[in-house]
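I have placed the structure first, in the form of structure tokens, so that the comments after it can refer back to it.
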Amino acid sequence: MTYSNKENNNFHMKNKMKHLDRRQIGPPKDSPQKKRDRSSLFWALSMAVIVLGAGAGGAAFFARNNSDQVSAEQKQERQIEFTKVRSLALEPVEAAQVDAALDQMRLAPPERAQMRALIDDRPRSAPAGTGLSGLPAPAATPDKPLRLATITVWDSDAEDGDVIALVSGGYRREVLLRKAPVTLTIPVDASGQVKLVGIHDGGGGITLGLRGPMQEVMAPILAEGEELIMPVGIP
């Protein structure tokens, strides 16, 4: 049997249409499961953005509220009151406790040995009727120019990471200030001076409180790199 050209063309056209019918025309439609997965992913990403944004905002909020909040009037008052302090009386380290105190000063062995040789640990008593306030520094001797004493420091405002350095008698100790007072041992020479250095300001200025056995002093607000001299006395 023979076919005309027209019949052949029709036959081929029908076969092409059958193939087209079998193929999927256009992009495949998402299944309900894929739609649910995509929706879940969208909401998860949205919630992550919200949580991260809230966390950053909260951190900034608490950082502001945890910084020192000292007014200009309070700063001026602290400055004025500090100038009225003749000296801060410190508690001397008894001769029997000198070695234990040195062990807590974080000194390298050679430095510890050198300082131990310079410490005058002769027993003393305060002059009758003078108490501890306003006492002069111990008299220097050529071979024993240092005495050990304790001083207590703390952050007098917000605990925000303020750091100071205490420098005295050739010794330097950096301290992270906290609300809870910490007592440190320092050497004191004949100058009767302890240098306070601002190392790090957690915000609003470095707020430092100092204490001896009978006195409490609020230091002026310190800036980073600023130095302040605190006169001290030991009975």
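The values are calculated or read from the model by the stated rules, or taken from the named source; none is laboratory data. No experiment lies behind these values; they were computed from the predicted model shown. Virtual Cβ from ideal backbone geometry, glycine too; neighbours counted across all protein chains shown.
Residue pairs whose Cβ atoms lie under 7 Å apart, separated by 6 or more positions or on different chains, with the first residue in the stretch 92-121 and in contact (Cβ under 8 Å) with a residue 60 or more places away in the chain and the second assigned to a strand (DSSP E or B) and of a type in the set (Val, Ile, Thr), are Val93/Thr150; Val93/Thr185; Ala101/Thr185; Gln104/Thr185; Met105/Thr185. Kindly provide the set of residues from the stretch 71-117 that are exposed (fewer than 14 other Cβ atoms within 10 Å of the Cβ) and in a loop (DSSP other than H, G, I, E, B), ordered by number. If the condition is that a residue be exposed (fewer than 14 other Cβ atoms within 10 Å of the Cβ) and in a loop (DSSP other than H, G, I, E, B), then Ser71, Lys84, Arg86, Glu94, Gln104, Arg106, Ala108 are the ones that fit. Exactly one residue among Gly203, Gly209 is of a type outside the set (S, T, N, Q), surrounded by fewer than 19 Cβ atoms within 10 Å (Cβ to Cβ) and under 12 Å from Leu88 (Cβ atoms), and that residue is Gly209. List pairs: first residue in the stretch 156-167 and of a type in the set (A, V, I, L, M), second residue assigned to a loop (DSSP other than H, G, I, E, B) and at pLDDT below 95 anywhere in the structure, Cβ distance under 7 angstrom, at least six positions apart or on different chains. Close Cβ pairs satisfying both conditions: Ala158/Asn66; Ala158/Ser67; Ala158/Asp68; Ala158/Gln69.
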